[in-house]
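The values are calculated or read from the model by the stated rules, or taken from the named source; none is laboratory data. As the structure is a prediction and not an experimental result, all values here were calculated from the model. Cβ atoms come from the backbone with ideal geometry, glycine included; neighbour counts cover every protein chain shown. Ligands, DNA and RNA are stripped out before the accessible areas are found, and what is left, the full protein with its side chains, is counted by its heavy atoms. Shrake-Rupley method; radii C 1.70, N 1.55, O 1.52, S 1.80 Å.
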Amino acid sequence: MSSLNKYRKLINNSAIFALGNLGSKLILIFLVPLYTYYLTASEYGRVDIVTTTISMLLPIISLSIYEAVLRYVMDNEYDNESVFTNSLVVTFIGILFGVLIYPFLRYLNILTELLPYMYIILFLQAIQMLLTQFIRAIGKIMIYSINGIMMTVITAVLNIYFLVQLKMGIPGYFISIIVANIISILYLLIRTNIAKYIDLTKINKQLVVKMLTYSIPLIPNAFIWWTMNASNRYFILFYIGASANGLFAVANKIPTLLSLLNTVFFQAWQLSAIEEYGDTEKSKFYSNTFNYLSMTLFIGTSIILVFLKFIVSMLVSNEFYTVWEYVPFLLAGIIFSSFSGFLGTNYIAAKETKGVFKTSVLGGGVNIILNIILIPILGINGAGLSTLISFLIIWLIRVYDTRKYIKVDINKKSLIINCLLISFQTSILYITLIPIYEFIVEFILMIFVLIVNKNLLKITGQLLFSKMKVKLNKR
């Protein structure tokens, strides 16, 4: 594949994934006012704890087998029926194990009345993740994207109905998620006729062992990633209380605007990284892609910081307005989380998932220690700062550790200047200035960020022009 075609394919795939993610994520952001008006900070904190716990348990209950599905289907080592059938068996064994320990959790009185909701959502998401990863691997990314939009729209409509119309509170929130997951699974089963890939005669112990050898190291990695992204909620709950956790949960919704760019990119990048791993010019392709990603994230962060206070005032009730104070550190954390995730893909492409585990263990340990130290001192901002530092450490380690697979050349000068400009923008927000003066300074700093990252704007323009030229020639 030619050099230009590699980037064009990556952009095309990103555009398709954006179709499914932009709509869904934006809808979720617009739902924040609904949650802040119809759920108290304490209630929203409890909801967030349950959803966070689900994200922690999902890779454990499924043995992260859905991660192996994407890699093994694309590797062409085994046929699709074998990969899907064996991964489905592993998933259902995990669900059965979860059912068996339910009485024990009830006995321990964990999450009390919310436990049934958590269990149902966990099992449905295990199946849904397997199906979505499989259809993504076999190239049905448009169906994947449509499913994402459909699922979010259903969740939003049901949330409005259950919370506003029926005033069901927390149960209404969870029921809407359950119904959306069920409809999503049915849609994927019917739309892709996925049942044709189930062939019980192809249950293969050796394949299961290979897939689990690949996916099991990703379980502690997922747990550690969860630790750095979500465990701070438990520390906030312990040190400050449920209301503070509710504020932190709402603050996390604003960086969704940035993580959306990251999510869209990584869904496409995983496919390209695996496809191009055997190419002789893979180092150049990976390096250029990383530098373009970093430029995109810095530009996105800069724009959000310019309009941060306005965005918060529009999205949340007065009770939650102070959450803007916690957003800058969370945005910076997403930048370095994205950098770490990018280099983590190098391990995935090389089928060396133990490297993902090793580097994440250190970052997770640092995160827990920093949460214990910083949250009592800095409050909610201590959680954001600990996550930022942890991801920074993981990224720095992976920069050197992954060079034995792929050498990624980083534009250090651009990186340092971008970090300084974003730091200046963050500092301005905490200084008491007349709003119009604050906006002008922030806007000027954003212009500097755009100038520093002009190469991204240039290459994007070239690719778009090239695509338009091809379409015109076809006419």
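Here are a few things to note about the model shown:
- Shape of the range 67-109, Cα gyration tensor, a/c cut at 1.5: prolate
- Per-peptide packing, taken as the mean over residues of other Cβ atoms within 10 Å, places 392-398, 314-320 in the sequence 392-398, 314-320 from highest down.
- Links that overshoot a 23 Å alpha carbon limit, given the list Lys309/Lys412; Lys284/Lys454; Lys253/Lys458; Lys284/Lys404; Lys354/Lys404: Lys309/Lys412; Lys253/Lys458
- Accessible area per residue (1.4 Å probe, heavy atoms of protein chains only) ranks Lys284, Lys140 as Lys284, Lys140, with the largest value leading.
- Computed from the C-beta positions of Arg403 and Asp75, the FRET efficiency with R₀ = 22 Å rounds to 0.40.
- Taking Phe439, Phe290, Phe329 and ordering them by how much accessible surface each has at a 1.4 Å probe, largest first, produces Phe439, Phe329, Phe290.
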